[in-house]
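The values are calculated or read from the model by the stated rules, or taken from the named source; none is laboratory data. Here the structure is a predicted model, which means the values were calculated and not measured. Positions of Cβ are backbone-derived with ideal geometry, glycine not excepted, and every protein chain shown enters the neighbour counts. Remember, those area values only see protein heavy atoms, side chains included, never the ligands or the DNA or RNA. Shrake-Rupley method; radii C 1.70, N 1.55, O 1.52, S 1.80 Å.
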Amino acid sequence: MGVIDTDNLAQRVSNLLLDARKKVLQTVNHTMVVTYFEIGRMIIEEEQNGKERAAYGKQLITELSKKLTFNFGKGFSQRNLEQMRQFYLVYSIPQTLSAEFENTDIMDNNFQLSWSHYLKLMRIDDIYERKFYEIESLKNNWSLRELNRQYDAALFTRLSCSKDELQVRRLAKEGQLFEKPQDAIKDPYILEFIGLPEKASYSENELEEKLIEKLESFILELGTGFTFVARQERISFDDKHFRVDLVFYNRLLRCFVLIDLKIGELKHQDIGQMQMYVNYYDRKVKLESEAKTIGIILCQNKSEAVVEYTLPENNQQIFASKYMTVLPSKESLARLIKIW
């Protein structure tokens, strides 16, 4: 009798069990969030029956907490019940909601994120911003930690500052879209995850090393659809050799994205070098069915005039963005974006 090889079977069974466990957790999580929403609704409805709402509501939550804790144990403190109440108020479509959200999926309370996600989201007052982060969390499978990071890095502010009101509303309805090269560009990029102080002395190679070490975080900062291709990609012609710092591919835009890292002030020669890289990729690397290559120069400082007059007026391929290695406040970042 031959040796029985069960490795493949064990792997398939393990995958099935892991998938089942994931589905069970998702179901339990969804049920818990919906239940908390309903508890919040019941508290609000009971409060509205009280004569003195403020005093009655406080007493109601205190007494309810005691009874639920006695019957079900932990999880029903006054603080937790107040959060469930607030959850219902935030997600039951306030009367002040803008008309353009009527009859859209913002009114669909099919809660798909964790309770911890909603605890974060419901503290975001602006409905456009809150809906944006909710959509992006779902689209990109953000953990709570990543949601916190993207919010602290003011992703919505960075994307919306360069858009008109209609585009901001679209962000809130659909999240970040990639339909043209400009959609893939942020200015600035927030790279606080690499751990380099703001005014530290470091080389371009050291910056590149840090980004590669934290590649997953860097891809999240770049946005949806990015895949890492290569670092220090060599380009050779006429016995001359050049290297592109980082090469990515964006499957939504269907194009290569080249990134060059620059320490200090951006020079017009840096833009010319990136133009050469982009031209090479367009002529020698990309397929006919793919879109034109995008080049992004990440620099510490840049002159808008240098960028404007170095690039052609109809530029759709070369972009220069600042990067920041510390996390500014959202208000400071908004002011900086308007200045830049």
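Within the stretch 140-152, the only residue that satisfies the criterion of being in contact (Cβ under 8 Å) with a residue 24 or more places away in the chain, over 9 Å from the mean Cα position of the chain (by Cα) and either crowded, with 17+ Cβ neighbours inside 10 Å or more than 21 Å from PRO188 (Cα to Cα) (or both) is LEU144.
List the pairs whose first member sits in the stretch 41-61 and is among the basic types (Lys, Arg), whose second member is surrounded by 15 or more Cβ atoms within 10 Å (Cβ to Cβ) and at pLDDT 85 or above, and whose Cβ atoms are under 6 Å apart, counting only residues at least 6 apart or on separate chains? Here the result reads ARG41/TYR88, each pair linking the stretch 41-61 to a residue that is surrounded by 15 or more Cβ atoms within 10 Å (Cβ to Cβ) and at pLDDT 85 or above. Answer yes or no as to whether LYS210 is open to solvent by less than 30 Å² (accessible area, probe 1.4 Å) and either at pLDDT 80 or above or under 25 Å from GLN300 (Cα atoms) (or both). Criteria not met by LYS210. Scanning the stretch 107-127 for residues that are open to solvent by 40 Å² or more (accessible area, probe 1.4 Å) and either touching a residue at least 60 places away in the same chain (Cβ under 8 Å) or within 23 Å of LEU222 (Cβ to Cβ) (or both) returns ASN109, GLN112. Among the residues here, PHE178 does not qualify as of a type outside the set (S, T, N, Q), modelled with pLDDT of 85 or more and surrounded by 15 or more Cβ atoms within 10 Å (Cβ to Cβ).
Considering the stretch 1-34, and only residues there that are open to solvent by 60 Å² or more (accessible area, probe 1.4 Å) and under 15 Å from SER116 (Cβ atoms), the residue that is modelled with the highest pLDDT turns out to be MET32.
Filtering the stretch 227-265 to residues that are touching a Ser or Thr at 6+ places or on another chain (Cβ under 8 Å), among the hydrophobic types (A, V, I, L, M, F, W, C) and open to solvent by 10 Å² or more (accessible area, probe 1.4 Å) leaves PHE242, LEU252, PHE256, ILE263. Quick one: would you say GLU290 is more than 16 Å from ALA320 (Cβ to Cβ), surrounded by fewer than 17 Cβ atoms within 10 Å (Cβ to Cβ) and in contact (Cβ under 8 Å) with a residue 12 or more places away in the chain? Here the answer is yes, as GLU290 does meet what is asked.
Residue by residue through the stretch 201-230, note down the ones that are within 21 Å of LEU266 (Cα to Cα) and among the charged types (D, E, K, R). Scanning the stretch 201-230 gives GLU204, GLU206, GLU208, GLU209, LYS210.
Yes or no: GLU136 of a type outside the set (Phe, Trp, Tyr) and over 20 Å from LYS262 (Cβ atoms)?
Spelling it out, GLU136 is indeed of a type outside the set (Phe, Trp, Tyr) and over 20 Å from LYS262 (Cβ atoms).
Output the residue which, of all residues in the stretch 288-340 that are in a helix (DSSP H, G or I) and among the small types (Gly, Ala, Ser), is modelled with the lowest pLDDT. That would be ALA334.
Between a residue in the stretch 161-189 that is on the phi < 0 side of the Ramachandran plot and any residue that is open to solvent by 70 Å² or more (accessible area, probe 1.4 Å) and not acidic (Asp, Glu), which pairs come within a Cβ distance under 6 Å, given they are 6 or more apart or on different chains? Listed pairs, sorted by first residue: PHE178/LEU252; PRO181/GLN316. For the stretch 38-60, the criterion of being of a type in the set (Ser, Thr, Tyr), out of contact with any strand residue (DSSP E or B) (no Cβ under 8 Å at 6 or more places or on another chain), part of a helix (DSSP H, G or I) and modelled with pLDDT under 90 is satisfied by at least one residue.
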